[in-house]
Amino acid sequence: MEERGGKLTVRAVERALDILMCFAQDQDLTLTEIAGRIGLNKSTVHRLIATLEERGFILRNGDKLRLGYRVWELAANLTQMDDPAQLLLPEMERLRDQLGETVSLYVQDGDARIRIQAVQSNQAIRRVAPVGARLPLYVGASSKILLAFVPVEERERILNMMDWPANLDQATYLKQLDEVRAEGFALSMEEREPGAAAVAVPVFGRDQQLAAALSISGPVSRLTQDMMIEYAPFLKEAAARMGTMMRTIT
């Protein structure tokens, strides 16, 4: 056992969870790929995988590994009516039908943001937003929302743990956060992904605390800056309804 941040942690459990999280981005991985990603030797990873495989959390197909069915048993319990990702889905679908673009819901987790729900655009050319994607907080419209609307002390704590790119000026970024807070929405144009644009707004839960970031995204050919500014009030209206819904479960 090790002590981190005043809490005792079990190293073997941490490593097993690190292995499972490798599959957040890829469906199939080899033992060598997993060992490289988590920085452990293959013999250690092999022992941990053997246990996870025996318990049904990992399946083996030749030299390829993937998540097992026991993971889905756990995930099934997330789809409850008190889960924001499920509770807000109808409102997200309504917004998608209204604006015609992909709608996503993000929450902050450490130094990253996680997409907990998404409704894909019905248009032929669209932005595909996989649920569960873990993305950096230093770029993107939703990231700016998740940082702009938290208390200053919390924002500083998050910023201090982030691994800032060398080409990103922190002073300029902090100024953007102030502007986002004043305007109530954030824009991004090809910041994280070439050809993609997004506009995001905050969703507030109980006591007007930030609960999530709501965004629409699509190709820059459709989501111009003027168009995103025009869409911002529609997102704010949807976010207000979502906030009311969330306050009934929190």
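The values are calculated or read from the model by the stated rules, or taken from the named source; none is laboratory data. Please read all numbers here as calculations on a predicted model, not as lab measurements. We place every Cβ from the backbone using ideal geometry, glycine too, and count neighbours over all the protein chains shown. To get the accessible areas, we keep the full protein, side chains included, count just its heavy atoms, and leave off ligands, DNA and RNA. Shrake-Rupley method; radii C 1.70, N 1.55, O 1.52, S 1.80 Å.
Observations on the model:
- Filter result for Gln209 (open to solvent by 80 Å² or more (accessible area, probe 1.4 Å) and closer than 19 Å to Arg113 by Cβ): yes
- 2 or more residues within 19 Å of Arg126 (Cβ to Cβ) and either in contact with an Asp or Glu (Cβ under 8 Å, 6 or more places away or on another chain) or β-branched (Val, Ile, Thr) (or both): qualifying strands (runs of 3 or more DSSP E) within segment 155-250: 196-204, 210-219
- Matching residues, segment 212-236, being surrounded by 13 or more Cβ atoms within 10 Å (Cβ to Cβ) and either of a type in the set (Lys, Arg) or without any contact (Cβ under 8 Å) to a residue 40 or more places away in the chain (or both): Val220, Arg222, Met227, Lys236
- Checklist (1) open to solvent by 20 Å² or more (accessible area, probe 1.4 Å); (2) out of contact with any helix residue (DSSP H, G or I) (no Cβ under 7 Å at 6 or more places or on another chain); (3) among the charged types (D, E, K, R) applied to Arg115, failing item: (1)
- Within segment 37-53, if we keep just the residues that are more than 19 Å from Arg134 (Cα to Cα) and free of Cβ contacts under 8 Å to residues at least 24 places away in the same chain, the residue that is most open to solvent (accessible area, probe 1.4 Å) turns out to be Arg47.
- Residue tally, condition within 15 Å of Leu105 (Cα to Cα) and open to solvent by 10 Å² or more (accessible area, probe 1.4 Å), over segment 195-206: 3
- Check on Val107, surrounded by fewer than 16 Cβ atoms within 10 Å (Cβ to Cβ) and among the hydrophobic types (A, V, I, L, M, F, W, C): no
- Just so you know, in segment 125-159 the residues that are more than 17 Å from Ala197 (Cβ to Cβ), modelled with pLDDT of 90 or more and among the aliphatic types (A, V, I, L, M) include one that is most open to solvent (accessible area, probe 1.4 Å), and it is Val150.
- Long-range neighbours under 7 Å by Cβ, at least six apart or interchain, first residue touching a residue at least 24 places away in the same chain (Cβ under 8 Å) and on the phi < 0 side of the Ramachandran plot within segment 156-167, second outside any loop (DSSP other than H, G, I, E, B) and not polar (S, T, N, Q): Ile158/Leu147
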